[in-house]
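The structure under discussion appears below in the form of structure tokens.
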Amino acid sequence: MGRNRGWQSGASEALRWRPGATVTDIDPRAATGFEGDASDGRRLLSKRGKRLSELQELLYANGRSGSEASVLLVLQGMDTAGKGGIVRHVIGMVDPQGVQHAAFGKPTAEELSHDFLWRIRRELPHGGQIGVFDRSHYEDVLVVRVHGLVPRSRWEPRYDAINGFEAELAGSGTTLVKCAMFVSLDEQRERLAKRLDRPDKYWKFNPGDIDERAFWPQYQDAYQAMLDRTSTDVAPWHVIPADRKWFARLAVTELLIEALQSQHLDWPPADFDVREQKARLAAS
Ligand code: ATP
């Protein structure tokens with residue numbers, strides 16, 4: 001990669017949702033904040049993956065020593081936005097022992113009988129872990145709002161409830177990395193078409209995904225409200241243009257690295273006398 005290529009400032013600075021911004025102005029093909037092409041991006045991803053993996057080991061080691069610090073990656077996006085690809089290609093670069101992964105589909109009858117955060121709390125990462133939410137509590141102000149699955153009087157208070165919940169998480173040592181992935185309607189059509197063309201992709205196809213395309217404007221309104229109302233200092237949203245998979249993966253990798261670095265963790269000191277143990281080993 002030549003000079004001046006790569007991230008022009010920090011990824012979180014470049015990608016953070018700015019108050020006053022408009023969802024319909026987001027360019028899903030952009031490589032916001034990054035100078036370089038796909039091959040630069042792929043090369044950098046493999047290098048940064050190693051850094052991510054080191055930092056995850058540091059987090060895990062701290063967790064083993066009783067630290068409460070954790071990271072929670074929240075992935076939201078329309079069908080085909082590439083959430084699964086992030087899990088496979090970004091989270092796949094770290095040791096799975098330290099990952100707590102949860103995907104949130106349509107709630108079960110039991111889940112519906114509880115508050116909307118009930119199923120979320122059960123999947124939170126413990127100290128030392130990276131939690132990954134493929135969809136999340138935000139479905140309860142997205143699909144639920146778009147389709148009126150509960151009356152407005154029930155979903156409206158959820159924005160404040162989410163802010164309170166996330167402030168509580170941040171206060172107890174979890175660094176939230178919230179990523180809203182934006183794929184264009186055209187790119188979504190291509191990705192769905194690919195699923196219909198390839199027998200090895202049929203399993204990913206859901207006819208309901210085509211129905212959802214008709215609700216695009218309503219989803220844009222719901223995303224706008226979500227970003228406006230739940231991007232806070234302790235848990236800001238990041239906008240990930242997702243038409244170019246290489247960029248989305250690079251961006252999320254960098255956001256995770258920045259989140260882990262912001263925790264300023266050190267390797268936990270030995271809770272034994274190193275010299276004494278060396279002597280014992282030599283004598284054994
Ligand atoms: P994906 O589309 O994420 O690849 P999928 O097609 O395999 O996933 P599931 O993971 O089983 O499907 O479920 C995802 C679906 O569940 C999405 O349509 C999503 O909107 C819906 N969903 C998630 N949370 C809720 C919720 N709280 N209420 C209603 N529907 C929800």
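What relative contact order, as a whole-number percentage, does the range 96-246 give when Cα pairs under 8 Å and 6 or more residues apart are counted? Could the numbers behind the result be given before it?
On the way: 133 pairs, mean separation 40.6, N = 151.
About 27 percent, as a whole number.
Rank by packing, highest mean first: peptides 240-250, 272-282, 149-159, with packing defined as the count of other Cβ atoms within 10 Å averaged across residues.
Top of the packing list down: 240-250, 149-159, 272-282.
In percent, how large is the relative contact order of the chain, given Cα pairs closer than 8 Å and 6 or more residues apart?
Numbers: 405 pairs, mean separation 90.5, N = 284.
Relative contact order here is 32 percent.
Quick one: check the C-alpha center-to-center distance for the range 161-189 versus the range 43-59, whole angstrom.
The range 161-189 and the range 43-59 have Cα centres separated by 22 Å.
Order these peptides, 125-135, 39-49, by their mean beta-carbon neighbour count within 10 angstrom, highest first.
On the way: 125-135: 21.2, 39-49: 16.3.
The packing order, highest mean first, is 125-135, 39-49.
Hey, fewest Cβ within 10 Å first, where do T174, T32, T24 land in order?
The order, fewest Cβ neighbours first, is T24, T32, T174.
Do any of K50/K106; K50/K201; K50/K178; K47/K204; K50/K83; K106/K194 go past 28 Å between their Cα atoms, and which?
On the way: K50/K106 35 Å; K50/K201 30 Å; K50/K178 22 Å; K47/K204 30 Å; K50/K83 21 Å; K106/K194 25 Å.
From K50/K106; K50/K201; K50/K178; K47/K204; K50/K83; K106/K194, over 28 Å: K50/K106; K50/K201; K47/K204.
Restricting to bridges with both residues inside the chain, how much of the DSSP beta-bridge set is antiparallel, in percent to the nearest 5? List each step's numbers first, then the result.
Values: 3 of 26 bridges.
The antiparallel proportion sits near 10 percent.
For the range 35-179, take every pair of Cα atoms, bin their distances at 5 Å starting from 0, and report each bin as a whole percent.
2, 9, 16, 19, 18, 15, 10, 7, 4, 1
Give the span of the chain's Cα atoms along each principal axis, as three whole-Å numbers ordered largest to smallest.
73, 51, 43
Where a number appears in this text, it was derived from the coordinates with a stated rule and is not lab data. On a predicted model such as this, the values are computed, not experimentally measured, just so you know. Backbone-built Cβ (ideal geometry, glycine too); neighbour counts: all protein chains shown.
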